[in-house]
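The values are calculated or read from the model by the stated rules, or taken from the named source; none is laboratory data. Given the structure is predicted, the values throughout are model-derived calculations rather than measurements. Note that each Cβ is placed from the backbone with ideal geometry, even for glycine, and that neighbours are counted across all protein chains shown.
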Amino acid sequence: MNLNKPTMDIQTLIILIIIGLVAGMLGGMVGVGGGIVIVPALVFFLGFSQKMAQGTSLGILLLPVGLLGVIQYYKEGYVDMRVVLIISLGFFLGSLLGSKLALSLSQETVKKVFAILLIIVAIKMLFFDHTKPTDTSSMQSKNNNAIK
């Protein structure tokens with residue numbers, strides 16, 4: 001079984017660090033990282049197979065790599081812990097089901113499903129997202145001004 005593991009030379013190490021930094025920065029800025037940055041970067045820059053890239057991305061998610069970013073958002077009141085716990089439970093169970101399904105499919109099918117998902121998300125974000133005021137601090141200041 002060829003798992004497309006790169007040799008761990010200095011160039012590979014630098015690429016991995018850069019991928020981690022970019023994914024972490026984007027994760028901290030806009031809440032994305034694994035599927036949007038890490039998987040395509042591992043496939044494109046290091047020649048990982050789609051399944052190897054997805055499995056590696058999940059391995060990264062298991063570690064508390066986003067903890068410092070979460071703490072910053074939490075301090076400012078932008079983390080709903082109930083939602084975090086509920087989605088985490090779903091993610092926990094869903095990752096089992098999704099990984100079993102992905103591993104039962106061919107490499108090409110998994111790659112196509114992933115590409116279609118990225119295209120759908122991109123089209124939705126480009127053409128169909130309607131901005132809603134969800135910034136709680138601006139909503140609170142509006143409410144405070146209305147009371148006065």
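For LEU58, state whether it is assigned to a helix (DSSP H, G or I) and modelled with pLDDT under 75. Taking the combined requirement at face value, the residue does not satisfy it.
When the criteria are applied in full, SER137 meets the requirement of being more than 21 Å from VAL43 (Cα to Cα) and modelled with pLDDT under 85. Report yes if ILE19 is within 19 Å of the chain's Cα centre (by Cα), at pLDDT below 85 and within 13 Å of PHE114 (Cβ to Cβ), otherwise no. Considered against the rule, which asks whether it is within 19 Å of the chain's Cα centre (by Cα), at pLDDT below 85 and within 13 Å of PHE114 (Cβ to Cβ), ILE19 comes out as no. TYR74 passes all but one of (1) at pLDDT 85 or above; (2) within 30 Å of SER49 (Cβ to Cβ); which number fails? Checking TYR74 against (1) at pLDDT 85 or above; (2) within 30 Å of SER49 (Cβ to Cβ), the one that fails is (2).
Mind listing just one residue for me: the one in the range 77-87 that is of a type outside the set (A, V, I, L, M, F, W, C) and surrounded by 10 or more Cβ atoms within 10 Å (Cβ to Cβ) and, of those, farthest from the chain's Cα centre (by Cα)?
Let us first name the residues in the range 77-87 that are of a type outside the set (A, V, I, L, M, F, W, C), namely 77-78, 80, 82.
Pick out the ones that are also surrounded by 10 or more Cβ atoms within 10 Å (Cβ to Cβ) and you get 77-78, 80.
On the way: GLY77: 21, TYR78: 18, ASP80: 18 Å.
So, considering only residues that are of a type outside the set (A, V, I, L, M, F, W, C) and surrounded by 10 or more Cβ atoms within 10 Å (Cβ to Cβ), the one farthest from the chain's Cα centre (by Cα) is GLY77.
None of SER88, SER95 is in a helix (DSSP H, G or I) and in contact with a Leu (Cβ under 7 Å, 6 or more places away or on another chain) except SER95.
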